[in-house]
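Colleague: Please read through the structure below; I'll follow up with questions.
The values are calculated or read from the model by the stated rules, or taken from the named source; none is laboratory data. Since this is a predicted model, take the numbers as computed values, not measurements. In this analysis, Cβ positions are derived from the backbone assuming ideal geometry, glycine residues included, and neighbour counts consider all displayed protein chains. Side chains are part of the model used for accessible areas, which takes the heavy atoms of the whole protein and leaves out ligands, DNA and RNA. Shrake-Rupley method; radii C 1.70, N 1.55, O 1.52, S 1.80 Å.
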Amino acid sequence: MKLFISILITALLSFVAGLFLPWWTIAPAALVVALCIHQSPFRSWLTGFLALFLLWGGLALGIDAKNQHVLSTKLAEIFPLGGSSFLLILVTALVGGLVAGFAALTGSYIRKRPVGE
């Protein structure tokens, strides 16, 4: 249950922060959630990764569908993705997931640090 709640809170906090602040605020959002909801380091990483992978993947997919894959196809031609808009969305989701996952992992290790060090 903690895993599901952490995913929801991380995704919600990151979405709201992303509306008003730079993209990298997903990292502090995932870190704060990992500090507040105690889980093992792997589960913290997994919650941060899944929350932002799904959030950024869903947002990118929605934006891509609205403009009928025009922009993503052109961007995918610039990068070595073979012009595939799906791969561009997947890379976008992976970047968001990795940033949030490692931020959540950092939060988990900060919480586990013994007092006095």
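Colleague: So with the 1.4 Å probe, I'd like the accessible area per residue for the range 1-110, rounded to whole Å².
Modeller: Per residue, the range 1-110 has 58 Å² of solvent-accessible surface.
Colleague: Can you give me the % of accessible surface on the chain that is carbon or sulfur? Probe 1.4 Å, all protein chains present, nothing else counted.
Modeller: On the chain, the fraction of accessible area on carbon and sulfur atoms equals 77 percent.
Colleague: Continuing with this model, one more query. Please give the FRET efficiency for Ile110 paired with Leu54, using the beta carbon to beta carbon distance and R0 = 22 Å, rounded to the nearest 0.05.
Modeller: Efficiency, rounded to the nearest 0.05: 0.35.
Colleague: Tell me the mean residue ellipticity at 222 nm calculated for the chain from its helices only (DSSP H runs of n ≥ 4, each -39500 (n - 2.57), averaged over every residue, nearest 500).
Modeller: -27000 deg cm²/dmol
Colleague: Tell me, what ³J(HN,Hα) does each residue in the range 68-78 have, in order and in whole Hz, if you take phi through Karplus 6.51 cos²θ - 1.76 cosθ + 1.60 with θ = phi - 60° and put x for Gly and Pro?
Modeller: 6, 6, 5, 5, 5, 5, 5, 5, 5, 6, 5
Colleague: Using a 1.4 angstrom probe with every protein chain in place, what is the largest-first accessible-area order of Thr25, Thr73?
Modeller: Descending order: Thr73, Thr25.
Colleague: Another question, if that's okay. How large is Rg/Rh for the chain, to two decimals, with Cα atoms and a Kirkwood Rh?
Modeller: With Rg and the Kirkwood Rh in hand, the quotient comes to 1.07.
Colleague: Next question. Extending each Cα 7 Å along its Cβ direction at Cys36 and Leu75, get the distance between those two points in nm, one decimal.
Modeller: 2.9
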